[in-house]
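Working notes, beginning with the structure itself.
The values are calculated or read from the model by the stated rules, or taken from the named source; none is laboratory data. This structure is a prediction, so every number in the text was calculated from the model and none was measured. Counting neighbours? That spans all protein chains shown, and the Cβs are built from the backbone with ideal geometry, glycine included.
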Amino acid sequence: MSDHHSPVSPPGDVAGISVPLERDVFLRRLLRELSGALEDVVGLEEASGYISLVGAAMGEHINDEYRRALVVERLDRRQLGEVLVDLKRRIHGDFSILEEDENQIVFGNTTCPFGDFVQGRPSLCMMTSNVFGAIAAESQGYAAVRLERTIAAGDPACRVVVLLRPADAATPGAREYFRRDDVG
């Protein structure tokens, strides 16, 4: 009996085959499977909570990067809207500002950065809520985010409302965020 195994195909043939796998697709699928496992094991609410922790940390990091690049201590309200649209553009989302005033910024989105991997994974929307909420709260002192429509839930587009005044956050489904130095 021989320990020698002959290869199934000549070396190098695998590298040339068409397999839809590269880093971006791999990472999006990884996040989809992780969020799905969390949703299945601990439920949607708890899974959303875990993803919220990651989103908040990402929001703090992204906020710091933009503040450094813009050389400002805090983003003003105009910069806030521009930064939130820009960060989503950089990760291949298609967010735009639909409405804006001193009390709120309403965003629309037709392309999720997670692509089709977001379908049926509403807990992943906590990334948007927490990143937007963390950045908005750090710059404005307070924010509440309401995900009115999401691609993850089967809507054709997202509608995300960022409220900038505590009195406006009393509506159901709004998640509140506070500036770090204002807590505790």
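A few comments on the model shown:
- Residue satisfying condition, being modelled with pLDDT under 90, surrounded by 10 or more Cβ atoms within 10 Å (Cβ to Cβ) and hydroxyl-bearing (Ser, Thr, Tyr), within set Tyr66, Tyr50: Tyr50
- Flag for Val145 being more than 28 Å from Leu31 (Cα to Cα) and at pLDDT 95 or above: no
- Against the list (1) over 19 Å from Tyr177 (Cα atoms); (2) in contact (Cβ under 8 Å) with a residue 40 or more places away in the chain, the condition Ala47 fails is (1).
- When segment 92-111 is limited to residues that are of a type in the set (Val, Ile, Thr) and either surrounded by fewer than 19 Cβ atoms within 10 Å (Cβ to Cβ) or at pLDDT below 95 (or both), the one that is nearest to Arg28 (Cα to Cα) turns out to be Thr111.
- The set of residues in segment 72-111 being among the polar types (S, T, N, Q), free of Cβ contacts under 8 Å to residues at least 60 places away in the same chain and part of a loop (DSSP other than H, G, I, E, B) consists of Thr110, Thr111.
- Residue match in segment 165-179 (condition: closer than 21 Å to Arg67 by Cα, of a type in the set (Phe, Trp, Tyr) and buried (at least 21 other Cβ atoms within 10 Å of the Cβ)): yes
- Residues in segment 69-84 that are among the aliphatic types (A, V, I, L, M) and exposed (fewer than 15 other Cβ atoms within 10 Å of the Cβ): Ala69, Leu70, Val71, Val72.
Yes/no matrix, rows are residues, columns are (1) within 13 Å of Thr128 (Cα to Cα); (2) assigned to a loop (DSSP other than H, G, I, E, B); (3) not charged (D, E, K, R):
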residue: Gly36; (1), (2), (3): no, no, yes
residue: Asp40; (1), (2), (3): no, no, no
residue: Val54; (1), (2), (3): yes, no, yes
residue: Arg67; (1), (2), (3): no, no, no
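- Criterion applied to Phe114, Phe132 was being aromatic (Phe, Trp, Tyr), under 21 Å from Leu31 (Cα atoms), modelled with pLDDT under 95 and surrounded by 23 or more Cβ atoms within 10 Å (Cβ to Cβ), and the one residue passing it is Phe114.
- Filtering Arg89, Arg121 for residues that are within 20 Å of Asp24 (Cα to Cα) and surrounded by 22 or more Cβ atoms within 10 Å (Cβ to Cβ) leaves a single hit, Arg121.
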